[in-house]
1. Does ALA161 qualify as being of a type outside the set (Asp, Glu), in a helix (DSSP H, G or I) and surrounded by fewer than 16 Cβ atoms within 10 Å (Cβ to Cβ)?
2. All but one of (1) polar (S, T, N, Q); (2) surrounded by fewer than 23 Cβ atoms within 10 Å (Cβ to Cβ); (3) not in a loop (DSSP other than H, G, I, E, B) hold for SER100, so report the exception by its number.
3. Please name all residue pairs, on different chains or six or more residues apart, with Cβ atoms under 6 Å, provided the first residue is in segment 172-195 and is closer than 25 Å to TYR142 by Cβ and hydroxyl-bearing (Ser, Thr, Tyr) and the second residue is at pLDDT 80 or above and part of a helix (DSSP H, G or I).
4. Restricting the search to segment 236-275, which residues are among the charged types (D, E, K, R) and in contact (Cβ under 8 Å) with a residue 60 or more places away in the chain?
5. Looking only at segment 371-409, filter to residues that are among the polar types (S, T, N, Q) and touching a residue at least 24 places away in the same chain (Cβ under 8 Å); which one of those is surrounded by the fewest Cβ atoms within 10 Å (Cβ to Cβ)?
6. Looking at segment 301-308, can you tell me whether even one residue there is of a type in the set (Val, Ile, Thr), in contact (Cβ under 8 Å) with a residue 24 or more places away in the chain and more than 30 Å from ALA407 (Cα to Cα)?
7. Output the residues belonging to segment 310-349 that are under 17 Å from ALA240 (Cα atoms) and hydroxyl-bearing (Ser, Thr, Tyr).
Amino acid sequence: MIWLILILAIILRLINTNQSLWLDEGAQVLMSQKSLNYILFERSGDFHPPLSYIFFHYWLMISHSDAWLRILPIIFGVATIFIIYKICQNLFSERIALISSLFLSIAPYHIYYSQEIRMYSMAAFFASLSMYFLVTNKQVGYVLATSALLYTHYMGIFLIAAQLLYKKKWQDLGLVFLIYLPWLPLFWSQLVNGMNANQYLPGWGNLLSLDPLKAIPLIFLKFIVGRISFENQYLYEVVAILVLGYFGFLIFLSLRSKLDIKPISFWLFIPIMITWLISFLIPINQPFRLLFAVPAFYILLAVGVLKLEKFWKFGVIGVLLILMSGLLVYYTNPKFQREDWRNATKDIPTDAIFAWPEPFDPYIWYGGKGVGVIKHFPASENEITQNLTNIKLGNTVYFFEYLQDLADPQRIIQQELAKFGYKLKETRDFVGVGFVDLYQR
């Protein structure tokens with residue numbers, strides 16, 4: 001039966017794999033193209049460990065196609081489903097193992113990030129593998145999986161905190177620390193740069209982290225329905241209350257179970273709470289950074305569903321209907337898919353300008369050429385005027401408004417273009433990328 005579930009998981013994750021790369025994915029592949037020496041020792045401006053870049057470094061040697069690049073995280077995503085099946089077999093029962101695997105195979109949030117050309121699917125896999133070796137008391141496997149998690153995603157340390165509350169394996173964690181020790185100097189450099197980001201780019205932290213008052217319910221809502229939303233805010237709130245109420249009830253039932261759910265509940269709740277607390281100091285609270293806790297969420301749901309006893313099948317159907325509804329919206333609505341940099345780049349016949357220090361990474365990845373007109377944040381009129389003068393613009397100018405509200409909230413660039421004699425002739429709107437303006441003089 002588990003093999004049928006894994007086949008279903010593969011099929012669902014192969015749908016829409018030819019999406020364009022978005023901003024963060026562009027940064028991932030451009031960084032992964034660099035030498036291993038650069039990836040390991042020269043990324044102080046980046047804020048991620050090296051392992052995912054190394055994986056993609058070798059994956060890129062086979063093909064650069066968008067669909068191919070998404071296959072790697074899909075592999076880790078499907079493997080995670082098998083690992084939670086094995087965890088539940090060891091801790092609970094075959095039925096819980098199958099139900100939790102089925103839930104995760106259809107979960108729209110996990111599917112979305114199983115297709116993401118980033119480190120999140122890998123982190124979820126290594127976190128699950130770490131938990132498997134923890135509950136089965138396999139020291140070598142635990143040390144290696146936990147070390148791989150830390151080399152994939154810094155927030156893996158929050159899972160270790162949860163594991164310590166469950167089982168204090170100090171000797172094993174000492175070995176993990178020794179394996180991780182060579183990376184600590186670069187981690188510290190990245191941490192300092194990351195904490196200073198909001199100083200030189202005001203407002204950046206608001207994009208990186210959720211409002212603490214809304215964070216906890218929004219994290220669980222995203223875990224359930226994925227990255228979708230509704231334009232009608234009232235409808236969105238009603239759906240959120242109903243969905244969170246139903247899933248919350250199932251989680252409540254699981255917490256009252258006589259089964260030993262402590263390692264799973266710690267796996268889910270401790271990282272979320274630590275992230276929430278730290279987000280008051282460092283802007284890190286986004287649901288996708290907690291993808292490594294999603295498997296625990298669906299394991300608890302499976303336990304809760306079976307607490308419905310003779311109505312457990314109706315509970316399973318209810319969960320599946322909600323998950324499939326969110327998944328269908330994701331599949332069919334481009335608004336909830338990734339930024340369409342591929343078409344935005346293809347449809348621009350000449351160099352473009354950006355409200356940023358340089359063109360954005362996915363634009364570069366797809367072969368676009370252009371230049372940034374802002375070197376310091378926030379933008380100043382004198383700097384933009386000087387930079388536009390130095391660029392030596394032609395009679396036609398394409399301008400990407402992407403992130404302009406962050407870098408140039410006064411929209412000085414448009415004002416300066418008008419002073420240079422340019423008139424707006426056309427504005428095109430690309431999904432996720434936003435407006436691209438054509439100016440001519």
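1. Values: of a type outside the set (Asp, Glu): yes; in a helix (DSSP H, G or I): yes; surrounded by fewer than 16 Cβ atoms within 10 Å (Cβ to Cβ): yes.
So ALA161 fits the description; yes.
2. Against the list (1) polar (S, T, N, Q); (2) surrounded by fewer than 23 Cβ atoms within 10 Å (Cβ to Cβ); (3) not in a loop (DSSP other than H, G, I, E, B), SER100 comes up short only on (2).
3. Cβ pairs passing all conditions: TYR180/LEU150.
4. Of all residues in segment 236-275, those among the charged types (D, E, K, R) come to 237, 256, 258, 260, 262.
Passing the criteria: ASP260, LYS262.
5. First, pick out the residues of segment 371-409 that are among the polar types (S, T, N, Q): 380, 382, 385-387, 389-390, 395-396, 404.
Imposing the further condition that a residue be touching a residue at least 24 places away in the same chain (Cβ under 8 Å) reduces the set to 380, 385, 395-396, 404.
Working: SER380: 15, THR385: 16, ASN395: 9, THR396: 14, GLN404: 22.
Only one residue fits best here, namely ASN395.
6. Kept after step one, since they are of a type in the set (Val, Ile, Thr), are these residues of segment 301-308: 303, 305.
If we keep only those that are in contact (Cβ under 8 Å) with a residue 24 or more places away in the chain as well, we get 303, 305.
With more than 30 Å from ALA407 (Cα to Cα) added as a condition, the list becomes 303, 305.
Scanning segment 301-308 turns up at least one residue that is of a type in the set (Val, Ile, Thr), in contact (Cβ under 8 Å) with a residue 24 or more places away in the chain and more than 30 Å from ALA407 (Cα to Cα).
7. Within segment 310-349, SER325, TYR330 meet the criteria.
Each row is one residue, and each column tells you yes or no for (1) surrounded by fewer than 18 Cβ atoms within 10 Å (Cβ to Cβ); (2) touching a strand residue (DSSP E or B) at 6+ places or on another chain (Cβ under 8 Å); (3) not polar (S, T, N, Q).
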position	(1), (2), (3)
ILE2	yes, no, yes
MET31	no, no, yes
PHE56	no, no, yes
MET61	yes, no, yes
ILE83	no, no, yes
SER93	yes, no, no
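The values are calculated or read from the model by the stated rules, or taken from the named source; none is laboratory data. On a predicted model such as this, the values are computed, not experimentally measured, just so you know. Neighbour counts are summed over all protein chains in view; Cβ atoms, including those assigned to glycine, are modelled from backbone coordinates with ideal geometry.
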